[in-house]
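Note sheet for the following structure.
The values are calculated or read from the model by the stated rules, or taken from the named source; none is laboratory data. Predicted, not measured: the structure shown is a model, and the values here were computed from it. A quick note on method: Cβ atoms are made from the backbone with ideal geometry, for glycine too, and the neighbour counts reach across all protein chains shown.
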Amino acid sequence: MTKLRKTGARITGAVAGLALGLMGAACAQSMPVTDELKQKWEDKTIFDLEARSLDGKPVRMADWKGKAVLIVNVASRCGFTGQYRGLQALSEEFKDRGLVVVGFPCNDFGGQEPGSAEEIQKFCTSRYEVDFPMMEKISTKPGKSQSPIYEYLGTKTGKLPGWNFCKYLVSSDGTTIEFFDSRVDPTGSKMKAAVEKALPKKTSTATAAPTD
């Protein structure tokens, strides 16, 4: 009986390890970066792009210029959906210091964001009290239907989401972009440390002391 239990434990451990390995591989994928794409986005930052809000209104990323921007492909029926709570908490903690969290609903992975804009908005606000900007549903995958936002981010980092709730953190000057896969906790020490570095730098307001 003891041997059977040990064998069962080894099998369970192996299966769990395989599942984690597969999930790790799925959390990110490579972006096919061509010379044409490199040239297209060479002199651009995220603040040169536009998107549309969940209610269809145009959004200029330039409106957030000078702030750090955390872009996340979100979904309502995913095992990571609970991260909405962490993203909202992160937004509340750092927004006064210059962080903007932006959600891009995406149905690319497992069909886990099938709802309409109205359904997505109701879900986010009623379940998780989300008040950070939510954009219209997009596709992150390479091709003609890929969002320009994700074409840009993928070209600059060489990485695209392999699952829901992958994160791109863009520094306040737009020059640095860091990718975090689905497993990174929005309120964990790794994410908070990266946000601290990406936030706009404080400028000194001290004035020289008067002289006699």
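Given the residues K197, K201, which is the only one that is basic (K, R) and either surrounded by 21 or more Cβ atoms within 10 Å (Cβ to Cβ) or modelled with pLDDT of 95 or more (or both)?
K197
So which strands (runs of 3 or more DSSP E) are wholly in the range 17-122 and hold at least 3 residues that are farther than 14 Å from P161 by Cβ?
Here the list reads 50-52, 58-60, 99-105.
Being within 18 Å of the chain's Cα centre (by Cα) and free of Cβ contacts under 8 Å to residues at least 60 places away in the same chain is the filter here; which residues of the range 112-128 pass it?
Hits for the range 112-128 are Q112, E113, C124, Y128.
For the range 45-60, which positions are of a type in the set (A, V, I, L, M, F, W, C) and either within 14 Å of L169 (Cα to Cα) or loosely packed, with under 15 Cβ neighbours inside 10 Å (or both)?
I46, F47
Filter the range 129-147 for residues that are within 15 Å of the chain's Cα centre (by Cα), touching a residue at least 60 places away in the same chain (Cβ under 8 Å) and either farther than 20 Å from K57 by Cβ or part of a helix (DSSP H, G or I) (or both) and give the result.
T140
So which of F123, F132 ends up being within 19 Å of A194 (Cβ to Cβ), touching a Ser or Thr at 6+ places or on another chain (Cβ under 7 Å) and not basic (K, R)?
F132
Taking the condition of being aromatic (F, W, Y) and over 19 Å from D181 (Cβ atoms), how many residues in the range 76-102 meet it?
Within the range 76-102, residues that are aromatic (F, W, Y) and over 19 Å from D181 (Cβ atoms) number 1.
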